[in-house]
1. For region 36-44, does any single residue satisfy the condition of being among the β-branched types (V, I, T) and within 17 Å of F159 (Cα to Cα)?
2. Determine the pairs where a residue that is without any contact (Cβ under 8 Å) to a residue 60 or more places away in the chain, located within region 63-82, has a partner that is loosely packed, with under 14 Cβ neighbours inside 10 Å and assigned to a helix (DSSP H, G or I) with Cβ atoms under 8 Å apart, the partner being 6 or more residues away or on another chain.
3. Out of everything in region 7-18 that is farther than 12 Å from A59 by Cβ and open to solvent by 10 Å² or more (accessible area, probe 1.4 Å), what residue ends up being farthest from the chain's Cα centre (by Cα)?
4. If you go through region 113-143, how many residues are free of Cβ contacts under 8 Å to residues at least 24 places away in the same chain and more than 23 Å from Q16 (Cα to Cα)?
Amino acid sequence: MFTESQKIETYKMLGQVAMCSGGSEYKIAWAMSLLEQGVASPNLDILATLSKPVNEFEADDYFNRVLTELGILWPGDEAAIEGYAKVISLEVIEGQISPESGASRMYALYAPLNYPDPLHEFSSLDDEWYCECINGWSEQQRRDEIVRACKEAYEAFCFPCVFKT
């Protein structure tokens, strides 16, 4: 039912929702994107068209209905965030986001995931001053190290099993 890019988009949204309170902006943007790509369900239509100011309870209700309609299981916060780490890594590896942005996003996941080894390096890679002044790296060396660390993180994390079909 879902294309590979729609699955990646879903993993990303689940991680973003797990990382913040409410997350209606991520839920609505995801719903709108799926709608624009031809995915259809009655509650998806409603979720995609909720307008600001969004009632978080209403958005959450429609979001849960959409997950049920589309056969998507909520993986739990930790698994959702691990999937998000894999998505961020992939985006850096494929050049969709800058290594610096990726390092910052990966570092933001470090504490919520209880300091896992695959994210340890990002505590220093996110710090431009540390990389340049302490490690003596050029801007390009730092970027290369971030990409390398993202490749390792991509292999270390798994996408959660959320799609029923």
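1. Initially, region 36-44 is screened for residues among the β-branched types (V, I, T), giving 39.
Retained after the next criterion (residues that are within 17 Å of F159 (Cα to Cα)): none.
No, because not a single residue in region 36-44 is among the β-branched types (V, I, T) and within 17 Å of F159 (Cα to Cα).
2. Between residues of region 63-82 that are without any contact (Cβ under 8 Å) to a residue 60 or more places away in the chain and residues that are loosely packed, with under 14 Cβ neighbours inside 10 Å and assigned to a helix (DSSP H, G or I), the close pairs are E69/P42.
3. Restricting attention to region 7-18, the residues satisfying the condition of being farther than 12 Å from A59 by Cβ are 7-16, 18.
Now narrow it down to the ones that are open to solvent by 10 Å² or more (accessible area, probe 1.4 Å): 7-9, 11-12, 16, 18.
Working: K7: 11, I8: 8, E9: 8, Y11: 6, K12: 3, Q16: 5, A18: 9 Å.
Here the answer is K7.
4. Going through region 113-143 one residue at a time, the tally reaches 13.
Here's the yes/no breakdown for (1) more than 28 Å from S104 (Cβ to Cβ); (2) of a type outside the set (A, V, I, L, M); (3) at pLDDT 95 or above:
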position: E9; (1), (2), (3): no, yes, yes
position: G23; (1), (2), (3): no, yes, no
position: K27; (1), (2), (3): no, yes, yes
position: W30; (1), (2), (3): no, yes, yes
position: L34; (1), (2), (3): no, no, yes
position: A40; (1), (2), (3): yes, no, no
position: L67; (1), (2), (3): yes, no, yes
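The values are calculated or read from the model by the stated rules, or taken from the named source; none is laboratory data. Bear in mind the structure is a predicted one, so any value in this text is a computation, not a measurement. Methodologically, a virtual Cβ is constructed for each residue, glycine included, from the backbone with ideal geometry; neighbour enumeration extends over all protein chains shown. Only protein heavy atoms, including side chains, enter the accessible area calculation; ligands, DNA and RNA are left aside. Shrake-Rupley method; radii C 1.70, N 1.55, O 1.52, S 1.80 Å.
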